[in-house]
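First the structure, in the form of structure tokens, and then the observations on it.
The values are calculated or read from the model by the stated rules, or taken from the named source; none is laboratory data. Predicted model only: the values in this text are computed from it and were never measured. We place every Cβ from the backbone using ideal geometry, glycine too, and count neighbours over all the protein chains shown. With ligands, DNA and RNA removed, areas are computed over all heavy atoms of the protein, side chains included. Shrake-Rupley method; radii C 1.70, N 1.55, O 1.52, S 1.80 Å.
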Amino acid sequence: MERIVRRALVAAALAALAVGIAARLLGAQTTADLIWAAGTLPIIAALIVSMLRDLMNGRLGVDAVALISMSAALVMGQGLAAVVVAVMYAGGNVLEDFAVGRAERDLRSLVDRAPRSAHKCLDDGIRDIPVEDVEIGDRVLVRAGEIVPVDGIISSPDAMIDESALTGEPMPVHRRQDETARSGTLNSGGTFALTATARAGESTYAGIVRMATAAQTAKAPFVRMADRYALLLLPFALAVAGGAWLISGDPIRALAVLVTATPCPLILAAPVAFVAGLSRAARRGILIKGGGALETLARTHTVIFDKTGTLTVGGARLVATEPAPGGNADDVLRLAGSLEQASQHIVAAAIVASAVGKGLHLEMPLNVRESMGSGLEGEIGGRRVRAGSHPFIYGSTKPEDWALRVLRRAAWRSALTIFVSVDGKAIGALLLGDELRRESPRTVQALRTCGVRRILMVTGDRVDAAETIGIALDLDAVLADRGPADKVDAVAAEQRLHCTVMVGDGINDAPALARADVGVAMGARGASASSEAADVVILVDRLDRVSDAVEIAQRARRIAMQSILAGMAMSAVAMLAAAAGWLAPVAGALTQEVIDVAVILNALRALGPARGSGRQHMPARAANRLREEHERLELLLDRLRAIADALDTATPNDAVPLILEAGRIVSGPIVGHERNDETDVYPRLLEFLADKHGLGAMSRAHREILHQSRLLGRITDGLDPAHVDFYLVRDAQRVMESIEALVRLHNAQEEEIFEHVAAKE
């Protein structure tokens with residue numbers, strides 16, 4: 001009801017302003033003054049009620065300045081000034097109401113996602129019942145693709161469950177009979193049954209909703225920045241007006257001071273700057289839910305990141321293809337991709353996508369049989385193909401040496417291993433894992449540049465996988481094996497010390513996002529509980545938008561403060577001039593309008609990025625094209641790494657074609673790319689760099705890559721199986737690994753430069 005009244009008041013004030021201007025243009029000055037007064041008085045009445053409520057809570061801010069300025073303007077016959085102030089004041093309240101309403105709708109969406117029904121198993125069949133009616137001990141059926149409605153014990157032989165929403169672990173896990181399934185997780189395999197161990201209200205997902213609700217409702221309301229400075233302006237204006245009247249004996253001087261003290265710089269500066277900041281953020285794909293979140297974001301001291309889907313890409317990604325000795329990597333991937341077309345598993349989708357991405361021809365499998373959680377088998381081209389875990393492929397037989405090496409490499413990389421066999425013989429394996437986002441290092445560096453002092457990672461993933469990411473990004477701390485409640489505790493611990501931002505993307509992050517001073521959700525992959533609970537949602541799949549959001553917020557807050565202080569300073573000078581008799585009331589009103597315009601124009605600077613030192617920016621399209629070239633080069637580097645791995649067990653006859661292939665990759669596209677960078681790209685980059693010598697170190701890397709390519713060329717020249725021994729193979733591997741590492745690091749450094757010189761908007 002209160003929001004409806006506020007909207008009605010601002011509509012009435014706007015109507016009075018427009019009608020009054022029309023009346024004045026027609027020469028009806030008295031009528032115009034009456035109309036403006038009629039539009040202002042309801043705002044004054046509402047303001048008095050609001051001030052009384054605030055005074056009872058011990059708060060006095062810019063509202064008092066607005067009340068005095070509107071009242072004084074009406075008393076002295078300045079109806080136009082009064083109604084303008086009324087419109088600005090009422091409009092600011094409506095904007096605040098909009099932000100609060102948005103937050104409430106988002107929180108309701110989080111609650112709405114909870115499961116509403118469950119399939120209860122009865123003696124005479126299956127009956128759908130409200131999830132609240134599930135009792136402990138009930139047997140519940142969970143179909144493929146459904147969210148587990150309550151916590152329970154799996155009573156089927158096995159189940160494949162995607163727990164990423166709760167634990168952050170990107171890979172679906174195989175749960176066997178008598179193991180636990182938690183509510184809020186997703187059944188990514190076949191239908192299974194569970195025995196409920198908790199009612200819906202006591203289950204995991206319900207607890208997450210309760211924590212998110214409690215954390216969000218516990219947040220302190222946003223106190224407008226202008227209120228802090230109004231406590232200075234109000235007594236100063238009254239003192240100057242009273243002093244002018246007392247010394248001169250002329251009440252007109254007091255009226256001139258009060259008119260000049262119209263608090264538009266305070267009413268307008270912060271909202272305009274913040275709305276401009278919100279608009280600029282939206283253009284960057286960043287949704288910030290209100291000026292309160294923007295101001296708090298500007299004071300960020302500590303940032304806590306989730307791992308899976310936030311610092312990493314999330315989900316299954318093909319890390320490497322490991323063929324058996326004498327095998328072919330493309331054949332392994334092609335057969336696996338062909339077979340996995342028959343599966344709905346998330347890992348299957350990743351394998352199929354990788355095979356299609358490499359342009360491999362996939363065949364439709366026949367007579368496919370899937371063992372949930374283990375693997376699947378079928379016929380492809382008349383051969384029996386199997387793909388799955390190493391127990392599924394090898395059974396009780398000990399894997400070969402190459403397979404043991406694959407398992408060891410998978411453990412080092414925290415990767416999932418899918419072995420592939422044809423007619424009972426293993427031909428290779430696929431390694432799937434979760435990779436670091438390309439922009440993660442840049443994001444961490446940019447946050448530190450913005451003044452963020454402490455950056456942590458908290459994740460439900462394993463310690464070894466988490467520490468690998470933490471070391472790669474040089475984070476200040478890594479907290480692994482943490483559930484939703486542990487994440488909330490971690491945020492609360494940091495929050496007691498400094499303003500803390502939490503960044504995440506899963507259901508398990510929602511309570512921590514709501515508990516943090518500012519919650520930032522990676523929402524590009526669709527609505528989730530994290531997006532509902534967060535104050536900021538990143539709408540594009542780019543982590544560096546987090547640092548952009550902090551930079552935009554800091555700039556908007558800085559401009560708002562500049563506008564407020566500058567407006568107050570200019571108003572103070574104008575008030576003193578009015579007190580001295582140098583400004584009459586009309587002249588004072590005009591002077592104040594000039595101050596208002598100047599303050600608003602300054603606040604609007606928050607719409608754009610900070611001005612550089614006159615340098616130009618590379619068009620965003622050109623920078624994106626350079627990044628796309630690097631992405632194509634990544635495929636060749638992956639192949640180079642695969643060749644180096646394959647040489648571990650290659651015979652001399654097998655080693656020669658592998659080394660020659662590596663030589664062609666390096667001498668062709670890799671060397672060609674680096675030479676093109678030196679002769680074409682770098683000269684263009686110099687146009688956009690303030691420091692013309694900034695590319696010297698990058699050119700030095702080019703020379704080192706070319707030197708390593710010449711070393712590999714010497715190995716490949718006249719290469720013959722008769723000359724291949726252990727040491728030659730090892731030398732070739734060392735050069736390949738050096739080139740791969742150099743080029744990857746060099747590409748990452750170049751992308752930092754591309755990001756620096758590219759136009760942001």
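Taking the charge dipole of the stretch 400-466 about its Cα centre, with +1 at Lys and Arg Cβ atoms and -1 at Asp and Glu Cβ atoms, the residue from Ala403, Thr443, Gly433 reaching farthest to the positive side is Thr443. The simple spin-label model puts a point 7 Å past each Cα toward its Cβ; for Tyr727 and Leu232 those points are separated by 7.7 nm.
For the stretch 641-711, the per residue solvent-accessible surface stands at 48 Å², with DNA, RNA and ligands left out and a 1.4 Å probe.
Can you tell me the FRET efficiency between Ala610 and Arg408 if r is taken as the Cβ-Cβ distance and R0 is 56 Å, rounded to the nearest 0.05?
Values: r = 50 Å, r/R0 = 0.89.
E between Ala610 and Arg408, to the nearest 0.05, is 0.65.
Ignoring aspartates and glutamates fewer than eight residues from Lys289 along the same chain, the ones with Cα atoms less than 15 angstrom from its Cα are Glu96, Asp97, Glu104, Asp106, Asp517, Glu532, Asp535.
Full extension of the chain between Glu634 and Ile126 gives 177.8 nm of extra length, using 0.36 nm per residue less the Cα-Cα distance.
Amide H contacts for Ala320 (H built 1.01 Å from N in the peptide plane; partners 5 or more residues away or on another chain; cut-off under 5 Å): Leu431.
Highest mean first, the peptides 243-252, 635-644 sorted by other C-beta atoms within 10 Å per residue fall in the order 635-644, 243-252. Placing dummy labels 7 Å off each Cα toward the beta-carbon, the span from Ala485 to Asp250 is 7.4 nm. Would you mind calculating the gained length between Asp178 and Glu202 on full extension (0.36 nm times residue separation, minus the Cα-Cα distance), in nm to one decimal? Once the chain is fully extended between Asp178 and Glu202, it gains 6.6 nm. Residues of the stretch 367-411 with an amide N closer than 17 Å to a point placed 7 Å from the Cα of Arg462 along the Cα-to-Cβ direction: 389-391, 404-411.
Legend: calculated FRET efficiency, Leu711 to Asn624, from the Cβ-Cβ distance at R0 = 45 Å, rounded to 0.05, equals 0.85.
Note on Ser279 and Ala472: the model spin-label points, each 7 Å out from Cα along the C-beta direction, lie 4.0 nm apart. For Arg496 and Arg675, a Förster radius of 51 Å and the Cβ-Cβ distance give a FRET efficiency of 0.40, rounded to the nearest 0.05. Per-residue 3J(HN,Hα) values for the stretch 681-688, derived from phi via the Karplus relation 6.51 cos²θ - 1.76 cosθ + 1.60 with θ = phi - 60°, read 5, 4, x, 6, 5, 4, 5, 10 Hz in sequence order (x marks Gly and Pro).
For the peptides 278-291, 549-562, residues were scored by their other Cβ atoms within 10 Å and the scores averaged per peptide; the highest-first order is 549-562, 278-291. Remark on Glu179: its backbone amide H falls under 5 Å from those of Ile154, a criterion applied only to residues 5 or more positions apart or on other chains, H modelled at 1.01 Å from N. Residues whose amide H lies under 5 Å from that of Val503, counting only those 5 or more places away or on a different chain, are Ile304, Phe305, Asp306, Val520; hydrogens are built 1.01 Å from N in the peptide plane.
Taken one residue at a time, the phi angles of the stretch 151-162 give Karplus couplings (6.51, -1.76, 1.60, θ = phi - 60°) of 5, x, 9, 5, 9, 7, x, 7, 7, 10, 10, 8 Hz. Gly and Pro are set to x.
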